[in-house]
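A.B. asks: Sharing a structure below in structure tokens format, with a few things to ask.
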Amino acid sequence: MRCADDFRFGCIPLSPRKFVFIAVVCVIVTRMAVILATPRSADFLDPRIYQGAGQTVLAGVNPYDVAARQSLREDLRARMAAPGTEDFTGTQQSWDYYVSGNPPASTALYALFEAIAHGSRLVWRLLLILGDVALLLGLIALLRTVNGGVESARTQLAVFCLAVVNPVLILSGCAIPEDKQFQTALMLYTASLLLSPAAISARRALWSGFVFSLSIFFKLFGVFLFPLWLARARQEGWRFALWSGFGGLVPAAASLAAFGHYFVGAMAARGVQNSIRGAEHASPWVLLPIGGDAYLIAKIVAVGAYCALLLRLFAKRRIDVLNLCAGVNVAVVCLWLDKGAINRMNIAIIFAVAALASLSRAWFVYLSVGLAAVSTVAYGVAFGALRAHPDSVDSLLVLLFVLSYLAVLVRLAVAKSGHASRSSRGNSLPA
């Protein structure tokens, strides 16, 4: 039975199974086409860094322990040296900084991919397509949990725009090779597990804890889902907390066993460097002519106000815990961490848009389609007519998203408040 929305939309939806199949095929085909059209992207800095980290692990060297096996580390650096990689391979200090720049689960994935690729960055790019596929499936899993699935044409359009033909995802994930899609996928899938309406068995709790922990040890951003885990633990009781805790210990124990405690200090140092050194790349703060102490104060005030508003909306039950997690993630990743390119900020953006489906299917559709449309126009005009720098365009897109996302949350909160008020007045009328 088709939804009335689909007839108003003027489109007949595909069956869920057929839609998922077609969407996966489209992801693979479009990414392979982009890879074939941009062969020089294999020589960009990030895939070389991933490859270097993988080679370091495969050589039996701990990338986070910079004092160990220094002669072998020097040999590995020299092997990767090439024109245009001076930022990465120019000095041993820069090499150590970059190969230790990602959390343990990311580094383990790099070692796996390098073991498969045997030095071929083309194979690396093909393997990274798995991240886009995982993101798509994670999005569908979350929608099935909070929105009943992908049966409607509008939802299918939104999924297609957000996860298949999203220009930001294609440009800063495939044309410019990146691995951040795996992080987004892990967070989407973790949320779908923790929000599942079904009773959670010990096995499912174990798996939920494992995936949740993996989302933290991959790029750290899974930590923003802790309130969601805590809410489920309070609902299910100590058995869920115990079994999911056991599951979460697996990635943690594996990380410590493989790399010792050294990665903790490396990640802490990166976090500080990405917070107080000044805005770069896609940070919306680069659009404002401020710096130094004024910049840091403005950032603290903006992020604090953003989070305070989210907490107020949550306290008044205008948003749920999923959207609280997503909103705080946006505040930290898009506004506080100021050295990331848009590929990292896109983790928070896609997750936040997906989370809106639990509040309003309509706004999930609007924002998904709008994000794809606006970024298409922005990139087309900026790169075609204006010859603008990509970072400037990305900064503007991030700023527009942050403001639009906040406006949507406020609009939904106002609408929900008005509905509650009308219901209250109706309930107070005499029978």
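Read the figures in this text as sums done on the coordinates, not as results from a lab. What you see is a predicted model; the values in this text were computed from it and never measured. A quick note on method: Cβ atoms are made from the backbone with ideal geometry, for glycine too, and the neighbour counts reach across all protein chains shown.
A.B. asks: As a check on your grasp of the helix formula, calculate [θ] at 222 nm for the chain: sum -39500 (n - 2.57) over DSSP H runs of n ≥ 4, divide by the residue count, round to the nearest 500.
C.D. replies: When only DSSP H runs of four or more count, the value is -23000 deg cm²/dmol.
A.B. asks: Can you tell me which of 142-155, 252-265, 169-182, 191-204 comes out highest on packing, and rank the rest after it, using the mean Cβ neighbours within 10 Å?
C.D. replies: 169-182, 142-155, 191-204, 252-265
A.B. asks: Here is a follow-up. As I understand it, the value is the acute angle between the Cα axis of helix 292-315 and the longest principal axis of the Cα atoms of the chain; what does it come to in degrees, rounded to 10?
C.D. replies: Helix 292-315 sits roughly 40 degrees off the main axis of the chain.
A.B. asks: Could you tell me how many degrees, from 0 to 90 and to the nearest 10, lie between the Cα long axis of helix 226-236 and the main elongation axis, the longest principal axis, of the Cα atoms of the chain?
C.D. replies: With rounding to tens, the tilt is 50 degrees.
A.B. asks: Still on this structure, please answer the following. Hey, what angle do you get for helix 342-355 against the long axis of the chain, alpha-carbon based, 0 to 90 degrees rounded to 10?
C.D. replies: Helix 342-355 sits roughly 20 degrees off the main axis of the chain.
A.B. asks: What is the log10 of I(q)/I(0) for the chain, computed with the Debye formula using one identical point scatterer on each Cα and no solvent, at q = 0.09 Å⁻¹?
C.D. replies: Computed log10 I(q)/I(0) values: -0.59.
A.B. asks: Also, quick follow-up: Hey, got a sec? Which trypsin sites (Lys or Arg not before Pro) in the stretch 239-292 land in a DSSP loop and have at most 12 other Cβ atoms within 10 Å?
C.D. replies: Passing sites in the stretch 239-292 are 277.
A.B. asks: Explain nothing, just compute: Karplus ³J(HN,Hα) = 6.51 cos²θ - 1.76 cosθ + 1.60, θ = phi - 60°, for every residue of the stretch 71-80 in order, whole Hz, x for Gly and Pro.
C.D. replies: Computed from phi, the couplings for the stretch 71-80 are 5, 5, 4, 5, 5, 5, 5, 5, 5, 8 Hz.
A.B. asks: Per the Kirkwood formula on distinct C-alpha pairs, the Rh of the stretch 261-301 is how many angstrom?
C.D. replies: 11.4
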